[in-house]
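**Q** Next up is a structure, given as structure tokens.
The values are calculated or read from the model by the stated rules, or taken from the named source; none is laboratory data. Nothing here was measured: the structure is a model prediction, and the numbers come from that model. Note that each Cβ is placed from the backbone with ideal geometry, even for glycine, and that neighbours are counted across all protein chains shown.
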């Protein structure tokens, strides 16, 4: 299941409990990890899960910067997927022999 970082602030003004949710956009390696975990779901979902909401341009720019700092070259979000992630079908189970000699 994709993950998301969300900060919750609890305040108690005038003896009434108010819950305010504030999404803090991720940066650096944490942003790259979150984007990679959510890349298969698409740009919109990944941006939301990484704290950027509907600001796709901000998400793309932050991800490009984070990847450049980490020495990772990407042109689009799907570049973060491994070959295994690209070929797995959703909801399926991968069954394979331990080696090509053992079927």
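Per-residue answers, yes or no, for (1) under 11 Å from the mean Cα position of the chain (by Cα); (2) surrounded by 18 or more Cβ atoms within 10 Å (Cβ to Cβ); (3) outside any helix (DSSP H, G or I):
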| site | (1), (2), (3) |
| --- | --- |
| 24 | no, no, yes |
| 31 | yes, yes, no |
| 34 | yes, yes, no |
| 37 | yes, yes, no |
| 44 | yes, no, no |
| 48 | yes, yes, no |
| 52 | yes, yes, yes |
| 58 | no, no, no |
| 64 | no, no, no |
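**Q** Please list, ordered by first then second residue, the pairs with beta carbon atoms under 9 Å, 6 or more apart or interchain, first in the range 82-103 and part of a helix (DSSP H, G or I), second surrounded by 10 or more Cβ atoms within 10 Å (Cβ to Cβ) and modelled with pLDDT of 70 or more.
**A** 85/36; 85/39; 85/40; 86/40; 86/78
**Q** Tell me the residue from 81, 77 that is surrounded by 10 or more Cβ atoms within 10 Å (Cβ to Cβ), within 15 Å of residue 31 (Cβ to Cβ) and either under 16 Å from the mean Cα position of the chain (by Cα) or modelled with pLDDT under 95 (or both), please.
**A** Values: 81 fails: within 15 Å of residue 31 (Cβ to Cβ).
Exactly one residue qualifies, and that residue is 77.
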